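Q: Take this structure first; my questions come after.
The values are calculated or read from the model by the stated rules, or taken from the named source; none is laboratory data. This is a predicted model, so every value here is computed, not measured. Because the Cβ atoms are built from the backbone with ideal geometry, glycine has one as well, and the counts that use them run over all protein chains shown. Ligands, DNA and RNA are stripped out before the accessible areas are found, and what is left, the full protein with its side chains, is counted by its heavy atoms. Shrake-Rupley method; radii C 1.70, N 1.55, O 1.52, S 1.80 Å.
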Amino acid sequence: ATTNVTCIGGSDGAIDLSVSSGTPGYQFTWANAAVTEDLSGLAIGTYSVTVSDLNSCSNTTSATLIQDDQISPVVITQNISVNLDASGSASITAAMIDNGSSDNCNIASMSVSPDVFNCNNVGSNQVTLTVIDADGNISTGTATVTVLDAILPTVLTQNQTIYLDANGAASITVPMIDNASFDNCSISTLTLDNMNFDCSNVGANTVTLTATDANGNINTATATVTVLDAILPTVLTQNQTIYLDAAGQASITVPMIDNSSFDNCSIATLTLD
């Protein structure tokens, strides 16, 4: 009976020789110079032996040992988390998923699939670790890769100058303040804390643009909105007839000449020459 070699390059093979017939008192002459009935600690190969009995009758036979590893690797995995980079991608290696996989002989290779992730993979993803030993035996195991997006949006703003209308009002929109903000994945919303202005806002006003990306990361930036009032007051007058007094004098007041003058904001002063 033969016991084949377990691993490539190993020497754990054995030959258990059984002799029948002839006259006991056998002698064994192996091609490798051994003289025992059985051999152990053998590498792969063919081993010949000549057996002689007590009457000097002999016979020659041989046995061939092969390498015969049929034991699959033991795959042990671990869950990991990875962060997307500025381009919205992340990659892993088999070594990151392996958690001490082993084989009775030697592991030849490890691979993991999938090994590349993008913004569409944010969250939990199942991956498969494949382990192949030196004799081609294959085993697999699964693990969870949690893909994270921890990069805040980049918020870019631009200043604006706006003019009050005839009603003393002016407004801005997000595109007027946004200056090509971006994110490694995508921006979900852009909002402004103040979009409407009136006469009380004439001058420089700070507004905040808030960007929220598809994964809930938030960032802000500010811009200056300069509100201007370029509409002249509308001056309405009315004619008056007055009478000189006994001293030969007469006077008028502003309200006598004003006929409900108005402005989109408010009139500060009314004067007569």
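Q: Before we move on, is Thr210 within 14 Å of Asn179 (Cα to Cα) and of a type outside the set (Asp, Glu)?
A: Yes.
Q: Show me the strands (runs of 3 or more DSSP E) entirely contained within the range 160-273 in which 3 or more residues are over 28 Å from the mean Cα position of the chain (by Cα) and farther than 30 Å from Ser87 by Cα.
A: Once the strands (runs of 3 or more DSSP E) in the range 160-273 are filtered for at least 3 residues that are over 28 Å from the mean Cα position of the chain (by Cα) and farther than 30 Å from Ser87 by Cα, what remains is 160-163, 169-171, 196-198, 203-213, 218-228.
Q: Kindly provide the set of residues from the range 65-95 that are at pLDDT below 95 and either closer than 29 Å to Ser21 by Cα or β-branched (Val, Ile, Thr) (or both), ordered by number.
A: In the first step, residues of the range 65-95 are kept if they are at pLDDT below 95; the result is 65-71.
Hits for the range 65-95 are Leu65, Ile66, Ile71.
Q: Being among the hydrophobic types (A, V, I, L, M, F, W, C) and either open to solvent by 60 Å² or more (accessible area, probe 1.4 Å) or at pLDDT below 95 (or both) is the filter here, so list the residues in the range 171-223 that pass it.
A: Ala180, Phe182, Met195, Val202, Ala204, Ala214, Ile218 - these are the residues of the range 171-223 that are among the hydrophobic types (A, V, I, L, M, F, W, C) and either open to solvent by 60 Å² or more (accessible area, probe 1.4 Å) or at pLDDT below 95 (or both).
Q: Regarding Ser186, is this residue in contact (Cβ under 8 Å) with a residue 60 or more places away in the chain and of a type outside the set (D, E, K, R)? Even if it seems obvious, please write down each step before you answer.
A: Numbers: in contact (Cβ under 8 Å) with a residue 60 or more places away in the chain: yes; of a type outside the set (D, E, K, R): yes.
Answer is yes for this residue.
Q: Sticking with this structure for a sec: For the range 209-227, enumerate the residues that are touching a helix residue (DSSP H, G or I) at 6+ places or on another chain (Cβ under 9 Å) and without any contact (Cβ under 8 Å) to a residue 60 or more places away in the chain.
A: Leu209
Q: Give the residue that is surrounded by the fewest Cβ atoms within 10 Å (Cβ to Cβ), with candidates limited to residues of the range 130-159 that are part of a loop (DSSP other than H, G, I, E, B) and among the polar types (S, T, N, Q).
A: In this case the residue turns out to be Gln158.
Q: For the range 227-246, check the following and say yes or no: at least one residue is buried (at least 16 other Cβ atoms within 10 Å of the Cβ) and farther than 30 Å from Ile162 by Cα.
A: No, the range 227-246 contains no residue that is buried (at least 16 other Cβ atoms within 10 Å of the Cβ) and farther than 30 Å from Ile162 by Cα.
Q: Go through the range 105-125 residue by residue and tally those that are in contact with a strand residue (DSSP E or B) (Cβ under 7 Å, 6 or more places away or on another chain), within 14 Å of Val82 (Cβ to Cβ) and not charged (D, E, K, R).
A: Residues flagged as in contact with a strand residue (DSSP E or B) (Cβ under 7 Å, 6 or more places away or on another chain), within 14 Å of Val82 (Cβ to Cβ) and not charged (D, E, K, R) within the range 105-125 amount to 10.
Q: With the structure loaded, tell me whether Ser91 is of a type in the set (Ser, Thr, Tyr) and under 20 Å from the mean Cα position of the chain (by Cα) or whether it fails that test.
A: Yes.
Q: Among (1) surrounded by 10 or more Cβ atoms within 10 Å (Cβ to Cβ); (2) without any contact (Cβ under 8 Å) to a residue 12 or more places away in the chain, which single condition is Phe262 missing?
A: Result: Phe262 passes all but (2).
Q: May I ask you to list the residues in the range 83-105 that are surrounded by 14 or more Cβ atoms within 10 Å (Cβ to Cβ) and not in a strand (DSSP E or B)?
A: Within the range 83-105, Leu84, Gly88, Ile92, Ala94, Met96, Ile97, Asn99, Ser101, Asp103, Asn104, Cys105 qualify.
Q: Turning to a different aspect of this structure: Provide a single number: the residues in the range 108-127 that are open to solvent by 50 Å² or more (accessible area, probe 1.4 Å) and either farther than 30 Å from Ile71 by Cα or touching a Pro at 6+ places or on another chain (Cβ under 6 Å) (or both).
A: Residues in the range 108-127 being open to solvent by 50 Å² or more (accessible area, probe 1.4 Å) and either farther than 30 Å from Ile71 by Cα or touching a Pro at 6+ places or on another chain (Cβ under 6 Å) (or both): 5 in total.
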